[in-house]
Amino acid sequence: MPLKRARRTGDRTSAAAPVFRFMGSVGQVTSQSMHFSDPLPLSSGARLLDYRLAYETYGRLNDARSNAVLVCHALNASHHVAGVDAQGREGWWDNLVGPGKPLDTDRFFVIGVNNPGSCFGSTGPMDPNPDPAAAGRPYGADFPVVTVEDWVDAQARLIERLGISRLAAVLGGSLGGMQALSWTLRYPDRVRHCIGVATAPNLSAENIAFNEIARRAIITDPDFHGGHYHAHGVVPRRGLRIARMIGHVTYLSDDVMASKFGRRLRGGDDKGYSFGYDVDFEIESYLRYQGDKFSDYFDANTYLLITRALDYFDPAASHGGDLARTFAAAQARYLLVSFTTDWRFSPARSRELVKALVTNRQHVSYAEIDAPHGHDAFLLDDPRYHGVLRTYFDRIAAESPAP
Amino acid sequence: MSERRDLDVIADLVPAGSRVLDLGCGRGELLAHLVQHKGCTGYGIEIDDTNLQASLARGIDVIQLNLEEGLAMFGDASFDVVLQLDTLQHLRNAEKMLQETARVGRTGIVSFPNFAHWPNRLSVARGRMPVTRALPYEWYDTPNIRVGTYADFEVLARRNGLSILDSFGLRDGRPVRFWPNARASVAVFKFERR
């Protein structure tokens, strides 16, 4: 999540010509749920039985059913993309999605879906395992490992049930961007535009390494109990905290940490060092706070599942690593966006995708935003970034879709 | 406006239906024109955020890239025409970019301000660097770090094994084919690799 939802101020002026549009919230939103009795075949060979998907929608589906935009979520987010939910929480991409916002709900029908395996309403490890041998106990560690492709298949079923045969666009950042890319490979004729922000064709070794450290923190927590911690009435909170702390560091840039925290001491610089191992520095306090908060609401098994889905995503693997061949059959038009200080999903990774699409003579536009916030930038509202998305969505809205 | 007419003259050099790479496409006017009126396809390359967004708004495919980093993203002869209009003089590695243009495109079209245009010569003869419509900057703030002349480019092209298919000057949006090195404010070259 972002450090703060502040508008970037800097010496560079907005790329957007001044556009005075009312930007509002979609207001109060209600989470919906769709049940699927047909098993979902998974990449692992297993099947997800009798599952439900939580989702939210904003805006109105037009008569031609041609204005639907699917928003895919990343690691710790959910189907609650915009507006305010029953608990009063703001959607994780509320700065982007709403009336008059870059993804304008006055023009588009926007869908957020919680992926299976998550802990925010769709079937996940905390739900009862339908296997008779489990006798109604939660899945826990027995929840099948799901992949980006499995999520996309689950989303596709939901989109179909909503009566939408072709999406105007699939949008996602980070892991959500991987899902957007995967949509264009698995359902090439069912998506017109793919918008992938701060994403990559696969994870680098460094990225997998960070995920593995996070997973080890959880799995080696004595409260983990092989993933069946619910049966013991505990939660591997220490592991989750550390996993989150590691993740958080990697979502920021050195610069933004220096400017937000520097070497400042908690309780004022004149307080001096404690000559102990409790919190001295502001950054320590911040990481502990983020870790604590996260461990209150996030499920450890879900964290394992989602980081694994990240690790496994590699659509080019079945094409000998040739990214151009991988995307050769895709029909979507692409917009890719990266951020210069994002070292987890660096601009170089987005450029690999651009190169593959260019090699195939496919439609692609690419923006490389010079933003200081690291990977987190994709959740912030840098005016150049949001200007690019707004302009691109304006383009989509202006198209007359092929019947 | 002469810049508009400059673009018209250059658009005429691009065959209909060409696959085009427009290096430094600015606000995307030319590429949008080529796509909409001449059935061309391809990409614009632009470094500036404002221009990138303006190009996107015109409906063209545009890729944000610093030309100083070369064109590694693009394969040999992967475009029918590579346009390098009014950008070469801004690049530190102008010669390398010219080679890249010739590598990526079957033909290249380059335009740049002609430093040998007679008002510029007059200005230098009077002891001052020229400030004109084609070279509107003072010497200390100019982005034109590679000022050259029409005649200079002929030498550079030869040195890099390029054959010039067509060349002329532009003045007030009109082609200048007689004595362009002195009479034209802008030089235009269409070339291919030998």
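The values are calculated or read from the model by the stated rules, or taken from the named source; none is laboratory data. Note that this is a predicted model, so its numbers are computed, not measured. No Cβ is skipped: glycine too gets one built from the backbone with ideal geometry, and neighbour counts run over all protein chains shown.
Please determine, by comparing only the residues of segment A:51-96 that are farther than 19 Å from residue A:197 by Cβ and among the β-branched types (Val, Ile, Thr), which one is surrounded by the fewest Cβ atoms within 10 Å (Cβ to Cβ).
Taking the candidates together, the pick is A:84.
Condition check: touching a Pro at 6+ places or on another chain (Cβ under 9 Å), within 20 Å of residue A:147 (Cα to Cα) and more than 13 Å from every other protein chain (Cβ to nearest Cβ). Does residue A:313 satisfy that?
Against the criterion (touching a Pro at 6+ places or on another chain (Cβ under 9 Å), within 20 Å of residue A:147 (Cα to Cα) and more than 13 Å from every other protein chain (Cβ to nearest Cβ)), residue A:313 qualifies.
Tally time: how many residues in segment A:261-296 are closer than 18 Å to residue A:243 by Cα, surrounded by 13 or more Cβ atoms within 10 Å (Cβ to Cβ) and of a type in the set (D, E, K, R)?
Final tally of qualifying residues: 4.
Out of segment B:122-140, which residues are among the basic types (Lys, Arg) and over 22 Å from the mean Cα position of the chain (by Cα)?
Those that are among the basic types (Lys, Arg) and over 22 Å from the mean Cα position of the chain (by Cα): B:126, B:128.
Checking the conditions here, which among A:184, A:199 is of a type outside the set (Phe, Trp, Tyr) and outside any loop (DSSP other than H, G, I, E, B)?
None of the other options fit; the residue is A:184.
Using the structure shown, decide if residue B:24 is surrounded by 19 or more Cβ atoms within 10 Å (Cβ to Cβ), without any contact (Cβ under 8 Å) to a residue 40 or more places away in the chain and on the phi > 0 side of the Ramachandran plot.
No; evaluated as a whole, the condition is false for this residue.
If I filter segment A:97-123 down to residues being closer than 24 Å to residue A:219 by Cα and surrounded by fewer than 24 Cβ atoms within 10 Å (Cβ to Cβ), which single residue comes out as farthest from the chain's Cα centre (by Cα)?
Among those residues, the one meeting the criterion is A:121.
Does segment A:163-189 hold any residues that are surrounded by fewer than 19 Cβ atoms within 10 Å (Cβ to Cβ) and out of contact with any Pro (no Cβ under 8 Å at 6 or more places or on another chain), and which are they?
A:163, A:165, A:186, A:188, A:189
Residue A:126 - would you say it is touching a residue at least 12 places away in the same chain (Cβ under 8 Å), among the aliphatic types (A, V, I, L, M) and surrounded by fewer than 20 Cβ atoms within 10 Å (Cβ to Cβ)?
yes
For segment A:275-286, indicate whether the set of residues that are part of a helix (DSSP H, G or I) and either touching a strand residue (DSSP E or B) at 6+ places or on another chain (Cβ under 9 Å) or without any contact (Cβ under 8 Å) to a residue 12 or more places away in the chain (or both) is non-empty.
yes
Mind listing whichever residues of segment B:142-162 are within 15 Å of the chain's Cα centre (by Cα) and assigned to a loop (DSSP other than H, G, I, E, B)?
If the condition is that a residue be within 15 Å of the chain's Cα centre (by Cα) and assigned to a loop (DSSP other than H, G, I, E, B), then B:143, B:144, B:145, B:146, B:147, B:149 are the ones that fit.
Is it true that some residue in segment B:35-54 is of a type in the set (Phe, Trp, Tyr), in contact (Cβ under 8 Å) with a residue 40 or more places away in the chain and either within 9 Å of chain A (Cβ to nearest Cβ) or not in a helix (DSSP H, G or I) (or both)?
no
Mind listing just one residue for me: the one in segment A:348-390 that is free of Cβ contacts under 8 Å to residues at least 24 places away in the same chain, facing chain B (nearest Cβ under 9 Å) and assigned to a helix (DSSP H, G or I) and, of those, surrounded by the fewest Cβ atoms within 10 Å (Cβ to Cβ)?
A:351
Is there a residue being acidic (Asp, Glu), in a strand (DSSP E or B), out of contact with any helix residue (DSSP H, G or I) (no Cβ under 6 Å at 6 or more places or on another chain) and touching a residue at least 60 places away in the same chain (Cβ under 8 Å) anywhere in segment B:61-71?
Within segment B:61-71 (the criterion being acidic (Asp, Glu), in a strand (DSSP E or B), out of contact with any helix residue (DSSP H, G or I) (no Cβ under 6 Å at 6 or more places or on another chain) and touching a residue at least 60 places away in the same chain (Cβ under 8 Å)), the answer is no, since none of the residues qualifies.
Mind checking whether some residue in segment A:300-307 is outside any helix (DSSP H, G or I) and in contact with a helix residue (DSSP H, G or I) (Cβ under 7 Å, 6 or more places away or on another chain)?
The answer is no; no qualifying residue exists.
Working only within segment A:391-403, note down all residues that are touching a residue at least 12 places away in the same chain (Cβ under 8 Å), in a loop (DSSP other than H, G, I, E, B) and either facing chain B (nearest Cβ under 10 Å) or among the aliphatic types (A, V, I, L, M) (or both).
Across segment A:391-403, the qualifying residue is only A:399.
Does segment A:220-266 hold any residues that are within 26 Å of the chain's Cα centre (by Cα) and among the basic types (Lys, Arg), and which are they?
A:237, A:238, A:241, A:244, A:260
Give the residue, chosen from B:135, B:165, B:170, B:122, that is aliphatic (A, V, I, L, M) and in a loop (DSSP other than H, G, I, E, B).
That would be B:135, the only listed residue that is aliphatic (A, V, I, L, M) and in a loop (DSSP other than H, G, I, E, B).
Residue under question is residue B:64, and the condition is that it be at pLDDT 95 or above, over 29 Å from residue B:114 (Cα atoms) and out of contact with any His (no Cβ under 6 Å at 6 or more places or on another chain); does it hold?
no
Please go through segment A:247-281 and pick out each residue that is acidic (Asp, Glu) and closer than 27 Å to residue A:236 by Cβ.
Correct list: A:278, A:280.
Which number in (1) touching a residue at least 24 places away in the same chain (Cβ under 8 Å); (2) small (Gly, Ala, Ser); (3) over 17 Å from residue A:393 (Cα atoms) marks the one condition that residue A:88 misses?
(1)
Residues being away from chain B (no Cβ under 13 Å) and among the hydroxyl-bearing types (Ser, Thr, Tyr): count how many of those fall in segment A:320-347.
Number of matching residues: 3.
May I ask you to say which residue of A:235, A:256 is surrounded by 15 or more Cβ atoms within 10 Å (Cβ to Cβ), touching a residue at least 60 places away in the same chain (Cβ under 8 Å) and not in a helix (DSSP H, G or I)?
Testing whether each residue is surrounded by 15 or more Cβ atoms within 10 Å (Cβ to Cβ), touching a residue at least 60 places away in the same chain (Cβ under 8 Å) and not in a helix (DSSP H, G or I) leaves just A:235.
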